[in-house]
Amino acid sequence: MNPIKSSFKFKPAFILVIFLWMSTGCFTVNYSFTGAPITARTINIDFFPNKASLINSSLSQSFTEALRDKFVNQTKLDLVETNGELQMSGEIVDYHTTPTAIQGNEQAALNRLTITINVRFENTLNPDESFEQRFSAFEDYDASLNFASVEGDLVNTITERLVQDIFNKAVVNW
């Protein structure tokens, strides 16, 4: 007998037990970032209109798409047009720049772009998790730069931060 050969032989019953164990585990696992399973299966996210006094023409579309993408890519939720078990709506309520870091000559070294979003979130399966809240984020930029030349990058950075904050509040519950 060859000593290298293993003396362990696979039995059909052993293979069946392993197969059943793996298949039941794969089909019944629910997960979430909170440790509690996400029981909802669908979400609808309405278009977020821009109701700020200063309008960025592409912000509504890009913000709404970023929010939808986050929920589709980071959860097992299906995005539906209406009547989702989770429902999100809201509007962009503020978009403005302000000078910050005033220097001795009373000129700003930095300017700040701030975006504020009002969000209404309804969890039809667990109404205690529903909320309405404003989320705000900002990004500073060199005051010597033309705002139009940096606006796109600033908006993208702020949008990512806002989407993450809204996602955390809705499904992570930090």
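Between residue 93 and residue 142, what FRET efficiency follows from the Cβ-Cβ distance if R0 is 25 Å, with the result rounded to 0.05? Rounded to the nearest 0.05, the efficiency is 0.40. Looking at the stretch 77-174, I'd like the Rg to Rh ratio, where Rg is from alpha-carbon atoms and Rh is Kirkwood's inverse mean 1/r. Over the Cα atoms of the stretch 77-174, Rg/Rh equals 1.12.
A Cβ-based charge dipole, computed about the Cα centre of the stretch 48-174 with Lys and Arg at +1 and Asp and Glu at -1, lands at about 60 debye.
No value in this document is a laboratory result; all are computed from the given coordinates. Nothing here was measured: the structure is a model prediction, and the numbers come from that model. Don't worry about glycine lacking a Cβ; one is built from the backbone with ideal geometry, like all the others, and counts go over all protein chains shown.
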